[in-house]
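Asks: Below is a structure I'd like to ask you about.
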Amino acid sequence: MGEVIVVTSGKGGVGKTTTTANLGAGLASLNNRVCLIDADIGLRNLDVVMGLENRIVYDLVDVTSGNCPYKKALIKDKRFENLYLLPAAQTKDKTAVNPDQMRVLCDEMRDEYDYIIVDCPAGIEQGFRNAIAGANQAIVVTTPEVSAVRDADRIIGLLEKEDLREPKLIINRMRYHMVKHGDMMSIDDIIEILAVDLLGVVPEDELVVISTNRGEMVVINNNSKSGQAYRNIVRRIKGENVPMMDLEDSGFMKKLRRMIGLK
Amino acid sequence: MLAKEAINIKGTRQGLAILLDPNKNFEEMKSELIFKMEKASGFFSGAKFTLHGVKNLFPEEKSQLEAICQEYGLIPSTDVPSPRERHIIKAPESPKKTTNVPAAGELALLVKRTLRSGQRVAYEGHITILGDVNPGAEVVAGGNIIIMGTCSGFIHAGANNNRKSYIITIGLHNAQIRINEKVLFKTPEHLHNGPYVACIEENNIIYYKLDRSDR
């Protein structure tokens, strides 16, 4: 029986889709069978981030409305044999699917895959309710901004109400030098407000933008800090106990460590 | 049986079993419970009761329902079993004489968790919160409010036109405080290590750190 994990945030633009794509690729690279579901009907992005948009034939709405079996709608990833995408429909809206249909779909797919990751749309309306319906685990993504943390707090409350207790937190786009100068919320500030388990911290990294624009995933880039952060998160999802990455050390010491293979 | 109702009250030898339909929402349960209690007009008074089917409720919702029952003279108990489906409904026995009934104090609600953004607790009596009140959360009480944590949300004490209500909190951080109809829009950032007390003095809300050596 596979895990169904929903990636959600409340606020838009914090990196749900990027996180979904990278976690999916990371889990697939560790030989798990992974399927990503884009639940953002009407504003689909996950296919673009993965560089698969011109391969879409059928979509989520076709599957839930019974037009085709889900296996027919799945798109195989370019790089990973065991990574699949179920894209969202672009010409419909969130009301084209209901939570019961999502629950049935997730239960059906659970037998086939080790991990099913659902990319949740922003907001707390129907799209959110659809996305969390079939999930048995939740990952909340936030950035170190008061508005994003406020929305994450609201989302955690709503998840608890839907019996998705103990969601895990990913803090995205952390800028350590700003925290040092007191210009950005620190990890401790965020954890104090949200009071949930931290799954990982992803530093702000230009490589994320670059690879996203190319339809690649930063998680397979061995030379990027954000890629390393995503790989650590993937290992934590697998149940390994990986210490938090020390993101502050850079420059000479880091190069030295990498040279002697301590990374 | 009346399966469509949110609340079913069944009499057993040990007392009243109040069966909640988990598919109904809390507001429906609450209004129906009040309606049924009102209809019984004191008939249940003095009987022991246990709520069944409360698994989906938040603790404070459960205590609200219990408080309603207590208002109508029922006595909370943990050992009234849920009657089986085919159990014949007996008319509740006439209220027995109960000894050691605790003297009815003031109504109070205990909330054993942190309130997150968008969550709201409202109650006619006093409210005690074992946790934080995060930004965007709301607490409205007819009486006093005690928060065993940091308060950064919206709290309103004395909503029942009670100017003597007060708020006690361990920490204060950008909260909005209301007492009766007075509003204090912004409290300072990062006041820890309280307790702090907020109350109305000379027509304004003031707050100060509670100093135990004072009293």
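Asks: Per-residue mean of other chain beta-carbon atoms within 10 angstrom of the beta-carbon, peptide A:154-163? Let's see the in-between values first.
Replies: On the way: counts 8, 3, 4, 10, 4, 1, 4, 5, 0, 1.
Taking the mean over all residues of the peptide, I get 4.
Asks: Over the Cα atoms of the protein assembly as shown, each weighted equally, I'd like the Debye log10 I(q)/I(0) at q = 0.07, 0.08 Å⁻¹, rounded to two decimals.
Replies: One equal scatterer on each Cα of the protein assembly as shown leads to -0.50, -0.63.
Asks: Can you give the longest run of chain B that contains no GluC sites (Glu not before Pro) sitting in a DSSP loop with at most 16 other Cβ atoms inside 10 Å? Mind showing how you got there, number by number?
Replies: On the way: sites that count: B:GLU5, B:GLU85, B:GLU93, B:GLU106, B:GLU124, B:GLU181, B:GLU189, B:GLU202.
My reading of the result: B:6-84 is the longest stretch.
Asks: Here's a follow-up. Give the B-A buried accessible area in Å², both sides summed, 1.4 Å probe, nearest 100. Walk me through the numbers on the way to the answer.
Replies: Values: alone 12690 and 12650 Å², together 24390 Å².
By this definition, chains B and A bury close to 900 Å².
Asks: Right, something else. Just to be sure I understand: of the beta bridges DSSP finds with both ends in the protein assembly as shown, what percent are antiparallel, rounded to 5? Display every interim value, and only then the final one.
Replies: Values: 21 of 79 bridges.
In the protein assembly as shown, approximately 25 percent of DSSP beta bridges are antiparallel ones.
Asks: Helix A:146-161 versus the longest principal axis of chain A: what is the Cα-based angle in degrees, 0 to 90, to the nearest 10?
Replies: The angle comes out at about 50 degrees.
Asks: Take the cross-link list A:LYS11/A:LYS168; A:LYS161/B:LYS62; A:LYS11/A:LYS180; B:LYS10/B:LYS48 and give me the ones stretching past 18 Å between alpha-carbons. Could the numbers behind the result be given before it?
Replies: Numbers: A:LYS11/A:LYS168 16 Å; A:LYS161/B:LYS62 15 Å; A:LYS11/A:LYS180 25 Å; B:LYS10/B:LYS48 12 Å.
As for pairs spanning more than 18 Å Cα to Cα, those are A:LYS11/A:LYS180.
Asks: Counting Lys +1, Arg +1, Asp -1, Glu -1, what net charge surrounds A:MET1 among other residues with beta carbon under 14 Å of its beta carbon? Show your work: numbers first, answer last.
Replies: On the way: positive: A:ARG33, A:ARG110; negative: A:GLU3, A:ASP107, A:GLU108, A:ASP111, A:GLU112, A:ASP114.
Cβ neighbours under 14 Å give a net charge of -4.
Asks: Can you give me the accessible area per residue for the range B:173-215, using a 1.4 Å probe, in Å²?
Replies: Details: 2950 Å² over 43 residues.
On a per-residue basis, 69 Å².
Asks: Among the trypsin sites (Lys or Arg not before Pro) in the range B:180-209, which ones are in a DSSP loop with at most 11 other Cβ atoms within 10 Å of the Cβ? Mind listing them? Mind showing how you got there, number by number?
Replies: Values: sites: B:LYS182, B:LYS186, B:LYS209; in loops: B:LYS186.
Passing both the DSSP loop test and the Cβ count: B:LYS186.
Asks: Here's another thing I want to ask about it. Under 5 Å between amide hydrogens, which residues at least 5 positions from A:VAL141 or on another chain qualify, with H placed 1.01 Å from N in the peptide plane?
Replies: A:THR8, A:SER9, A:ILE170
Asks: List the trypsin sites (Lys or Arg not before Pro) within the range A:12-105 that fall in a DSSP loop (any state other than H, G, I, E or B) and whose Cβ has at most 12 other Cβ atoms within 10 Å.
Replies: Working: sites: A:LYS16, A:ARG33, A:ARG44, A:ARG55, A:LYS71, A:LYS72, A:LYS76, A:LYS78, A:ARG79, A:LYS92, A:LYS94, A:ARG103; in loops: A:ARG33, A:ARG44, A:LYS78, A:ARG79, A:LYS92.
Filter output for the range A:12-105: A:LYS78.
Asks: Further question: Considering the convex hull of the alpha carbon atoms of chain A, report its projected area averaged over all viewing directions, in nm², one decimal.
Replies: Working: hull surface 54.5 nm².
Seen from a random direction, the Cα hull of chain A projects 13.6 nm² on average.
Asks: Taking a probe of 1.4 Å, how large is the accessible area per residue of the range A:3-259, in Å²?
Replies: 45
Asks: Count charges around B:LEU74 for me, please; just the other residues with Cβ under 11 Å from its Cβ, Lys/Arg as +1, Asp/Glu as -1.
Replies: Summing Lys/Arg as +1 and Asp/Glu as -1 gives -1.
Asks: Something else now. Near the amide H of B:LYS48, under 5 Å away, which other amide H atoms are found, from residues 5 or more places off or on another chain, if H is placed in the peptide plane?
Replies: Correct list: B:LEU16, B:ILE75.
Asks: With Cβ to Cβ distances under 12 Å as the rule, what net charge do the other residues near A:TYR58 carry (K, R +1; D, E -1)? All intermediate terms of the calculation are to be shown ahead of the outcome.
Replies: Working: positive: A:ARG55, A:LYS71, A:LYS72; negative: A:ASP59, A:ASP62.
Local charge sum for A:TYR58: +1.
Asks: Pull up the DSSP beta bridges for the range A:3-259 and report the antiparallel fraction as a percent, rounded to 5. Before the final figure, lay out each step's value.
Replies: On the way: 2 of 29 bridges.
Given both bridge residues lie in the range A:3-259, the antiparallel proportion sits at roughly 5 percent.
Asks: Turning to a different aspect of this structure: Restricting the count to DSSP beta bridges whose residues both fall in chain B, what percent are antiparallel, rounded to a multiple of 5?
Replies: Details: 19 of 50 bridges.
Taking every DSSP beta bridge with both residues in chain B, the antiparallel ones total about 40 percent.
The values are calculated or read from the model by the stated rules, or taken from the named source; none is laboratory data. It should be emphasised that the depicted structure is a prediction, and the values quoted were computed from it without experimental measurement. Positions of Cβ are backbone-derived with ideal geometry, glycine not excepted, and every protein chain shown enters the neighbour counts. With ligands, DNA and RNA removed, areas are computed over all heavy atoms of the protein, side chains included. Shrake-Rupley method; radii C 1.70, N 1.55, O 1.52, S 1.80 Å.
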